[in-house]
Amino acid sequence: MTLFFLAFTLFAVACRVASLAVSLRHEAALKRAGAVEYGKLNSNVLALCHVLFYGAALWEGWARGPVLDMTAYAGIALYLVAMLLLLHVVRLLGRLWTVKLIIAPDHELVTHPLFRLVRHPNYFLNIIPELIGLTLALHSYKTLAIGLPIYLVPLIVRIVQEERAMRARFG
């Protein structure tokens with residue numbers, strides 16, 4: 001069981017490191033092409049919150065000790081679905097996807113049905129389920145109860161900033 005949770009922990013961290021690598025590559029290319037970053041301070045706060053949330057969830061889960069029950073299974077399933085949805089969103093946005101709020105000079109509005117069905121799918125279908133899934137998988141209930149509300153503050157700020165930037169670009 002401990003080996004399973006170690007594998008899940010490493011997988012979760014690897015998913016986020018890999019997504020960060022993609023984001024950094026996209027960000028560099030976008031900025032070379034003249035893209036403008038908005039909400040830089042909030043992006044840094046959001047990144048810090050993400051790292052602290054993961055750290056707290058992993059610490060709490062490992063301090064409690066691995067438990068493989070229906071809650072853990074549900075958390076793992078939710079986490080996996082969130083990662084699959086992240087891959088889908090990254091594929092749909094392509095070179096425009098980053099963890100930062102960056103608008104390219106040739107930015108195109110993505111009109112895929114997913115974006116019409118769910119406003120901000122990266123946040124509502126990936127990040128929030130990812131964090132909930134992680135905490136359920138590890139039984140990190142204090143992190144969920146305290147960390148998620150804190151995390152939601154800069155996330156809501158990001159959504160407002162993104163709406164503003166997109167309206168300015170596309171009307």
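Quick rundown of the values:
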{"read-out": "Output for the range 39-54, where each listed residue is open to solvent by less than 60 Å² (accessible area, probe 1.4 Å) and more than 16 Å from the chain's Cα centre (by Cα)", "value": "G39"}
{"read-out": "Filtered residues of the range 52-97 (kept if under 30 Å from R25 (Cα atoms) and not in a helix (DSSP H, G or I))", "value": "W97"}
{"read-out": "Within the range 98-122, considering residues that are assigned to a helix (DSSP H, G or I) and touching a helix residue (DSSP H, G or I) at 6+ places or on another chain (Cβ under 6 Å), the one nearest to F8 (Cα to Cα)", "value": "N122"}
{"read-out": "Residue list for the range 55-72, restricted to those being crowded, with 17+ Cβ neighbours inside 10 Å and more than 13 Å from L144 (Cα to Cα)", "value": "P66, A72"}
{"read-out": "Neighbours by Cβ (under 8 Å, 6+ apart or cross-chain): first from the range 138-163, under 30 Å from L3 (Cα atoms); second outside any helix (DSSP H, G or I) and aliphatic (A, V, I, L, M)", "value": "H139/V67"}
{"read-out": "Residue among F4, F11 that alone is without any contact (Cβ under 8 Å) to a residue 24 or more places away in the chain and open to solvent by 30 Å² or more (accessible area, probe 1.4 Å)", "value": "F11"}
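The values are calculated or read from the model by the stated rules, or taken from the named source; none is laboratory data. These numbers were taken from a predicted model, which means no experiment stands behind them. Glycine gets a Cβ as well: all are built from the backbone with ideal geometry, and neighbour counts include every protein chain shown. For the accessible areas, the whole protein counts, side chains as well, though only heavy atoms, and no ligand, DNA or RNA atoms are used. Shrake-Rupley method; radii C 1.70, N 1.55, O 1.52, S 1.80 Å.
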